[in-house]
Amino acid sequence: MSRYYTTPIYYVNDRPHIGHLYTTLVTDTLTRFHRLQGEDVRFLTGTDEHGQKIEKVAKKEGVAPIAVADRHAPTFRDLWKRFSVANDDFLRTTEPRHRVGVTEMIRRLGAAGDLYVAGHEGWYCVGCEAFYPEKDLEDGRCPTHGTPPEWQKEENVFFRLSRYQDRLLELYERGSVPGIPFVFPETRLNEVRSFVAAGLKDLSVSRTAIEWGIPFPGHPGHVVYVWLDALTNYLTALGLGSGDESLVARYWPAGDDRRVVHLVGKDILRFHAVYWPAFLMSAGLPLPTQVVSHGFWLKDARKMSKSVGNVVRPDALVDAFGVDALRWHLISEMSFGQDASFSDEAFLVRYNSDLANGLGNTLSRAVRMAADAFSGKTPSERCDDNEVKRAAETAVAAWDAAFRACRLHEAAEAVRVLLGAIDGYITAKEPWKKVKAEGVTPALHRIHHNALEGLRVAACLLAPIAPGAASEVLARLGAPKAAEAIGPSDLAWGGLPLGAPLAPAAPLFPRADAKAYFAEPSEEKPVTEETKPAVPAVATVPTVPAEPAPAAAPAPAPAAAPAEAARITVDDFFKADLRVAEIVAAEKVEKSKKLMKMKVRIGEEERTIVAGIATAYTGEQLVGRKVVVVANLLPAKLMGIESNGMVLAASLPGTGEPSLLAVDPSVPSGTKVK
Ligand code: ME8
């Protein structure tokens, strides 16, 4: 059986967050599961770099769109590396190989008679890169992003989507491979079916209002609609139109022994389950086997999204707890297919119960006791009929079935149950009492063998989800093996080497002190939400009224001009190194209402500044903006984050809300302000 697994290709208008990480980890976990079974699995991910969304960011920043893409694409690539994501390919839609394939796709759509030109106008959501019929808007806003759409009017090339209504409905009825529903979970299949059954309109597949895209063959002035461009990546990465289509032949399905599975969030299911198969039908190409869609990670009851600005980035959690802890949490916490809320609290609870206690403690206890009893070695007697063996066999079967049914959280649950059974077994057998009463007997060997062998099987089951931890557990058990080298035979009882050296080591997952994690360090106390002035990292400039305030209405305190006594000399003023800086990334600091963590560029230099402006600005509004900063300020820690500099903002009269000082966007970053 060969398999081809894909993630969506992510937009490069911002850095990745937990939502993108989740889809990629799900795909990685499934890939690793099937590779462990000895199957030939190809795994593709990449970045979606054309379209209005990216063009807008570039315009705002005053740079070329490719500069935005070049800046963000590596952050995805690097994050996947950090998380040991085992992708075979990473496609950027700005690569020549992709352009060639898209051109070939359009040639095929044209040859089928499915393209024509017509005038068109409607509501366009740039966040979705899609037109919305008025009836689908919620209070005049995009149902996914909650932002007002733009009215767009242009002449476009259209794709005859309406022609494919019946064939699509048939696809949903029968599946692309008999017995496998085209969309998973099936509730989502019903949503797609009703959407198509309600009637399909032809789809505009070119844009003239933007320039950032692949030129539409035969239509000068038009670029290819970003979704036709993006969806085709699944085939261009295999070499469609390149002259060497050997990978297309190997992985794109033409029989029962191939599976092509697209993993997506529910937000983009329609593009994958309606437009994509229709394009393929028109192009005379085979269809994927299945589109698997998962739910949203929510933060504060809303979808985590760049446009909303409520994202959780993985960096801080990974720094504190490691890659495997986050991999484990994301896969375990979300019931696959449904929405889930992300919170640091839930992360810490699960970390302590599943990893520090369930896995880490059980492992160090079992290894320590065996090493003590058998002079630093694994037992030399095995046992093939006991409750741990039965628990391991049950766990392997449950884990296997869960992965095959795409219920990844249940696969994690199977590991958890096995670890619980091993822990319970050790507690019930009390080997520490036995060794005292009877010395080192064959029975003692068998008890320790069962515990360690159970842990070996658990480590193999953990491998697709948390490969680093799995390899580490195997090494500590005296049965070293890289997670990627584990095969089906390793799942069978009895693989633990007898009399092999054991290497007790520091705790694998040290217990997390949740109180300490959430406590604000003492130097941060002056900047808590309650403290005034709110946040020292923003230099709030008092606003001075242009006209003297009328006597009857005295100017509010923050608007007062500086008193004589507070005046400074020009030399004093020049002590502050004021510079123009460009904000290149911004995210709200978790657990803080006001703090915004920003990455700013001052000339060639990049640094982090934390400022109390999150009540007035979202991350999205800040990125690309130029501001004035005090560049020579001593660093200060705010909520555990080192801030290097201050952003200048006016403090508005009455509310005290910050309002950033505006800088003409043409002023280069790094320019001195005096
Ligand atoms: O849509 N919860 O890219 P994108 C769970 N370029 N998953 C989430 C999520 C959340 N809160 N937020 C994002 C695009 N995701 C197009 C795709 S494919 C040919 C083109 C994940 O950067 C989820 O997989 O907006 C979602 O479908 C995807 O990121 C959207 O990523």
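At a glance:
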| item | result |
| --- | --- |
| Region 570-673: radius of gyration and largest Cα-Cα distance (Dmax), Å | 13.2, 40 |
| Formal net charge of residues neighbouring Asp384 (Cβ-Cβ distance under 12 Å; K, R +1; D, E -1) | 0 |
| Which of Leu491, Gly478, Leu444, positive extreme of dipole for region 404-493 (C-beta unit charges) | Leu444 |
| Share of carbon and sulfur in the accessible heavy-atom surface of the chain [1.4 Å probe, %] | 54 percent |
| Computed over the chain: relative contact order in percent, which uses C-alpha pairs under 8 Å that are six or more apart | 11 percent |
| Ordering of 485-491, 353-359 by burial proxy (mean other Cβ atoms within 10 Å per residue, highest first) | 353-359, 485-491 |
| Hits among lysines - C-alpha to C-alpha of Lys433 under 21 Å, sequence gap 8 or more where chains match | Lys377 |
| Percent of C-alpha pairs per 5 Å bin, region 1-86, short to long | 3, 15, 23, 19, 15, 11, 7, 4, 2, 1, 0 |
| Calculated SAXS-style log₁₀ I(q)/I(0) at q = 0.12, 0.17, 0.20, 0.21 Å⁻¹ - region 214-356, Debye, Cα scatterers | -0.72, -1.04, -1.17, -1.23 |
| Radius of gyration and maximum dimension Dmax of region 136-288, Cα, Å | 16.7, 50 |
| Charge dipole (region 324-393, unit charges on Cβ, about Cα centre) - positive-most of Leu330, Phe342, Cys383 | Cys383 |
| Rough spin-label spacing in nm, given labels placed 7 Å along Cα→Cβ, for Glu138 and Val667 | 4.1 nm |
| Under 5 Å, built H, 5+ apart or other chain: amide partners of Glu590 | none |
| Reciprocal mean inverse distance between Cα atoms of the chain - Kirkwood radius, Å | 28.2 Å |
| Only Lys, Arg (+1) and Asp, Glu (-1) charged, at Cβ; the chain dipole about Cα centre in debye | 760 debye |
| Kyte-Doolittle mean at least -1.0 and Cα axial length at least 24 Å: DSSP H helices in the chain | 18-36, 65-82, 387-404, 408-429, 442-462 |
| Residue-normalised accessible area of the chain, given per residue in Å² at a 1.4 Å probe | 42 Å² |
| Cα-centre dipole for region 374-441 with unit charges at Cβ (Lys and Arg positive, Asp and Glu negative), debye to 20 | 200 debye |
| Cβ-isolated cysteines (cut-off 4.7 Å), the chain | Cys383, Cys406, Cys460 |
| Cross-link table Lys53/Lys306; Lys266/Lys303; Lys597/Lys626; Lys56/Lys81; Lys56/Lys135, entries beyond 23 Å C-alpha to C-alpha | Lys56/Lys81; Lys56/Lys135 |
| Region 2-313: equivalent-ellipsoid semi-axes (sqrt of 5 x gyration tensor eigenvalues, Cα, Å) | 26, 24, 21 |
| Charge dipole (region 2-313, unit charges on Cβ, about Cα centre) - positive-most of Phe195, Pro217, Ser282 | Phe195 |
| C-alpha center-to-center spacing [region 571-630, region 149-185] in angstrom | 44 Å |
| Region 1-42 and region 400-422: distance between their alpha carbon centers, rounded to Å | 19 Å |
| Whole-number percent relative contact order across region 570-673, with pairs defined as alpha carbons under 8 Å at least 6 apart | 32 percent |
| Local electrostatic count at Ile602 - Lys and Arg +1, Asp and Glu -1, tallied over other residues with Cβ under 9 Å | -1 |
| Set of aspartates and glutamates with alpha-carbon distance to Lys515 below 13 Å, sequence-local pairs under 8 removed | Asp344, Glu345 |
| The chain: calculated mean residue ellipticity at 222 nm from DSSP helix runs of at least 4, using -39500 (n - 2.57) | -11000 deg cm²/dmol |
| Local electrostatic count, Ser162, Cβ distance below 14 Å [Lys/Arg +1, Asp/Glu -1] | +1 |
| Kirkwood-based Rg to Rh ratio, region 320-519, C-alpha trace | 0.98 |
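The values are calculated or read from the model by the stated rules, or taken from the named source; none is laboratory data. Just so it is clear, the structure is predicted and the values come from calculations on it, not from any experiment. In this analysis, Cβ positions are derived from the backbone assuming ideal geometry, glycine residues included, and neighbour counts consider all displayed protein chains. Please note that ligands, DNA and RNA were not included when accessible areas were found on the heavy atoms of the full protein model with its side chains. Shrake-Rupley method; radii C 1.70, N 1.55, O 1.52, S 1.80 Å.
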